[in-house]
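As structure tokens, the structure follows; a few thoughts come after it.
The values are calculated or read from the model by the stated rules, or taken from the named source; none is laboratory data. The model shown is predicted, which means the values in this text are computed figures rather than measured ones. No Cβ is skipped: glycine too gets one built from the backbone with ideal geometry, and neighbour counts run over all protein chains shown.
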């Protein structure tokens, strides 16, 4: 037993894995003990039997348990049964599992023995508290469940120790006793009743699955125990009745179910009302006994978990045909009476509606596409919409869960999508379901539907559109609002990018919108070519046709990038063969072209269709020319020509816009211009000019690509979303033919202008030649007065009343005329001045609002032009014209106002992220213009006072410099940076900052090395100590970036000139006591000089190094620092001392000492200033370069600092070591 006791503790663990592991180990040990157990032989059986009989049957069971089972097995059985009442952690779960498995493995116990132990261990005593009583009730329930799950209750094998073959492990009496205990246990408390009856259902299943001899006897006893006459019917009893009617069909169910149920089939139509009352947990007896019945049946108790009776009911309705045929009522009747009227009535509580939603969710998970409409009943939909519409509703979360379940059901079975959408927007739902519920239920469901479901939904919408006249006669809904809803739904399907697109329904939608946007049906064709063409019982209103035009353009713009319609081969006939679907995407007709072709086809069919607007002959000629030009493009389109695709899109998009606005003469002119420019671009010979960037407009006509881009810019200025998408996609396709003049044309639009100038010119044109306002006829004046009277301004009226006097306004006509006669000239003049001031302020307010609107529109227009720039940079990343964009973009960025924040951020992102960080550089650039652009950038950098602008200019400068360096024009770059560097060093108010040149030293080391003499020369010309220190930092960064091949013979002269400049700078700072030379700046200079000396020591020969860094000169400078009162105690003197020590160490001696180190181990060499110096020497210039990467931050060292470089830091470290040793 000592080996099994520790395992009981883990049975109560909250971890499921630990509980299972403990159960496995316990059962394994007990099986071994039981296998080794030997039943003892008794000397006198009669004496034992008499003695045991005297002690009682319970003691007899205990003795037999001890006798025929191992000691550990008997102990474990008792402890596992007692442990079922333990409230600690998960002990009840762990002990129940172990007990069930143990009873299923041993065959030396009987059902009566274990049942007696369970009952005796779970007795409820009157002195127990509520929690203790609850534990006992659950212990009995879990013990009885273990008997059933282990199969002991229906085990028909005889006990192995029995002397007679008639002693079996279980009997019908044992089975009946288990059921009786479960029924009695369920009657004790209402909250445990459902669990007890669910266990009874498990016992019935176990009985049916077994082959015991007493199955028939046990079946009869079960029916008698469960269906006791004159007891109230509950949901549990109904669930058992539904199951047992199928299992025991020979029982007298008529007498069992009467008088409560009229029919032997519980789910028959006659029993639905009674069934609804029972499932609502309401008694079915007389009204005066209703309280008594509720008390006996536990009525009024509610819990959120759905009762298991609903599984039994729904299984009968959604089961195979042989079982469902026994149901004598239809599922719609059941769901309407029991669920919809029982749980979702207007007087139902929130708890009952919650239960109804749970039933709906369970039914939805079982229903097929044909059965889904049956569960969307009137009251349910009303409750669902109400609780979805506001988060303050009691069941809002539950309603959201129902909506999520519908979406999940469609994702699992896409064929459910169409029936669900029909119900949500149908009779019991609402067409604007998403809007009134403030959710995206319909949108998510349609997105999860398959292509066939979308096709069916489109057909349904068309049916609704054409059947609204009949619906209006029936009083369902007004036809106009329904048709508007259909148009909106069709366009929403097209615009939703997550919905699977297919040519069938897309073509049907576009054909439908195009038909009602531009035409009316004169006579329905005998064989309509499309389901979208049907007869209308009631004519469409002008507003609805306008909506169709708007939605047609929006749908066409959304489908511009898609090419799911197969392109027809070039031919005059419209009925030619269609290219196969496996052809490349280039062989697909754009949907814009397809839409225009449909419109032309309907317009040519004059017998059946009539245009809403009579087109002029000029329009028809232009239309025919455009269609002919598109047919000419077929050969180029089949060759996958992006320019041809762009021209086609621009032409057909413009023609479709002209269909929508046939009176727009400017649009017609643009179409003519585009048509001519497209022909010249694709088929003409005058496309390529001699010099595309320098030719003037007078010498050569505008290039076709410029004309097309000018049209695109015109469309962007109109602000139409449809034209904007057409323009962007067309420009993306035409970007390969863009010229320098085209880029200049685009960038000209970004110049800052006064948006009110054109507006003022427009206003002045309305005035006469002498500046007076134009004359207005009496008829026009009367119309204007009528309009003003219809829409009075309350604020203006208040001001006029204040000026005139309220009492004058309120007087009658006679009184007012008398008052006017009494007014003198001064009063009249004052009144005129007041009225003039009122109207003047009103006009200024209107002008101010107009100016703000004009400025806002101008900013939006420039943002749209920037989209073209971004498209070009993305599509033509190596174009030589990108260089032309830098200066105009930078100037537009610098000239932008505070009210153009979005424009500023967008253009800054283009310059920094697109142009400035492009990996691929433009090819075949104009070197002269690139150099001029770089020089102009540096001029702007020297003038700006904004950090953001300077950082942006710096990025662009680096990029242009990279281009020039690649083209072997290093001198041009050097000259630009030389001028800027001179401005930074010598001018006190220079706008340039150190990062501007530090970035150059890091990313353009060739340019920095080419400026080495200028850097050294500017040391003495620095305006202050800060600028002088920055020069030393630049030199240090430059030397850290240059490659070994760049040094050669040029390095020694540079270091020599640098050393002279260094001595002069430090000596001058020490001699001039009145100078403002900062000690910190001098220390930075000395540190930079020390790092440069390290690098030069690794590159120069020992003789050259000793000659350049003369110890006498260094010593004299060190002495000057010590003699200066300002610098002798600063870090500059200590750093210079370390510099002197390092420079005085010979390079050859350094190598010999390193060799001695290798032979003698880690012996410290005298006169060695720092271990890091040896590391720098051995690693070469690359290590020094890495050390000089970050001049502003001192690198962390594992060894002691160089002598004198940071004396304060070294002293601090030594003090810390002394303190640590003293503590130890």
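The single residue among 964, 972, 992 that is modelled with pLDDT of 90 or more and part of a loop (DSSP other than H, G, I, E, B) turns out to be 992. Entry remark, the range 436-467: residues being out of contact with any helix residue (DSSP H, G or I) (no Cβ under 8 Å at 6 or more places or on another chain) and under 14 Å from residue 420 (Cα atoms) number 1 in total. Checked against the criterion of being touching a strand residue (DSSP E or B) at 6+ places or on another chain (Cβ under 6 Å) and at pLDDT below 90, the candidates 527, 522, 501 yield just one match: 522.
Just one residue in the set 181, 133, 217 is closer than 19 Å to residue 103 by Cβ, in a helix (DSSP H, G or I), over 52 Å from the mean Cα position of the chain (by Cα) and in the same structural domain as residue 114 (by TED's automatic domain parsing); that residue is 181.
Scan the range 924-935 and give yes if some residue there is surrounded by fewer than 20 Cβ atoms within 10 Å (Cβ to Cβ), assigned to a loop (DSSP other than H, G, I, E, B), touching a helix residue (DSSP H, G or I) at 6+ places or on another chain (Cβ under 7 Å) and free of Cβ contacts under 8 Å to residues at least 60 places away in the same chain, otherwise no. No; the residues of the range 924-935 include none that is surrounded by fewer than 20 Cβ atoms within 10 Å (Cβ to Cβ), assigned to a loop (DSSP other than H, G, I, E, B), touching a helix residue (DSSP H, G or I) at 6+ places or on another chain (Cβ under 7 Å) and free of Cβ contacts under 8 Å to residues at least 60 places away in the same chain.
Of the residues 308, 248, 227, 301, which single one is at pLDDT 80 or above and within 22 Å of residue 343 (Cβ to Cβ)? Break it down stepwise before answering.
Details: 248 fails: within 22 Å of residue 343 (Cβ to Cβ); 227 fails: within 22 Å of residue 343 (Cβ to Cβ); 301 fails: at pLDDT 80 or above.
Residue meeting the stated conditions: 308.
Report, by residue number, each residue of the range 1099-1147 that is within 60 Å of the chain's Cα centre (by Cα), farther than 26 Å from residue 1042 by Cβ and surrounded by fewer than 20 Cβ atoms within 10 Å (Cβ to Cβ). Once the filter is applied, which keeps residues that are within 60 Å of the chain's Cα centre (by Cα), farther than 26 Å from residue 1042 by Cβ and surrounded by fewer than 20 Cβ atoms within 10 Å (Cβ to Cβ), the range 1099-1147 yields only 1130. Scanning the range 54-73 for residues that are in contact with a helix residue (DSSP H, G or I) (Cβ under 8 Å, 6 or more places away or on another chain) and under 14 Å from residue 38 (Cα atoms), which turns out modelled with the lowest pLDDT? Out of the qualifying residues, it is 64. Scan the range 75-96 residue by residue and report those that are part of a helix (DSSP H, G or I) and surrounded by fewer than 21 Cβ atoms within 10 Å (Cβ to Cβ). Listed by number, the residues that qualify are 75, 78, 79, 82, 91, 93.
Output the helices (runs of 4 or more DSSP H) that fall wholly within the range 613-709 and possess 3 or more residues being closer than 21 Å to residue 738 by Cβ, at pLDDT 85 or above and within 41 Å of the chain's Cα centre (by Cα), or say none.
Helices (runs of 4 or more DSSP H) meeting the threshold: 642-660.
Listed conditions (1) over 16 Å from residue 1122 (Cα atoms); (2) modelled with pLDDT under 80 are all met by residue 1072, apart from (1). Of the helices (runs of 4 or more DSSP H) contained entirely in the range 995-1061, those carrying at least 3 residues that are buried (at least 22 other Cβ atoms within 10 Å of the Cβ) and in contact with a helix residue (DSSP H, G or I) (Cβ under 6 Å, 6 or more places away or on another chain) fall at 1005-1010, 1025-1041.
Entry remark, the range 342-361: residues being surrounded by fewer than 16 Cβ atoms within 10 Å (Cβ to Cβ) and within 34 Å of the chain's Cα centre (by Cα) number 0 in total. When you scan the range 222-237, do you find a residue that is touching a residue at least 60 places away in the same chain (Cβ under 8 Å), under 22 Å from residue 100 (Cα atoms) and surrounded by 14 or more Cβ atoms within 10 Å (Cβ to Cβ), even just one? No, every residue in the range 222-237 fails to be touching a residue at least 60 places away in the same chain (Cβ under 8 Å), under 22 Å from residue 100 (Cα atoms) and surrounded by 14 or more Cβ atoms within 10 Å (Cβ to Cβ). Just checking, does the range 209-221 include any residue being under 20 Å from residue 114 (Cα atoms) and in contact with a strand residue (DSSP E or B) (Cβ under 6 Å, 6 or more places away or on another chain)? No: zero hits.
All told, residue 1095 falls short of being touching a helix residue (DSSP H, G or I) at 6+ places or on another chain (Cβ under 6 Å), outside the structural domain of residue 1142 (by TED's automatic domain parsing) and either modelled with pLDDT under 80 or crowded, with 20+ Cβ neighbours inside 10 Å (or both). Listed by position, the helices (runs of 4 or more DSSP H) enclosed by the range 419-532 that each have at least 2 residues that are farther than 30 Å from residue 387 by Cβ and touching a residue at least 12 places away in the same chain (Cβ under 8 Å) are 451-466, 468-473, 479-495, 503-518. Do the conditions hold for residue 275, that is, is it in contact (Cβ under 8 Å) with a residue 12 or more places away in the chain, surrounded by 18 or more Cβ atoms within 10 Å (Cβ to Cβ), under 21 Å from residue 140 (Cα atoms) and in contact with a helix residue (DSSP H, G or I) (Cβ under 8 Å, 6 or more places away or on another chain)? In short, no.
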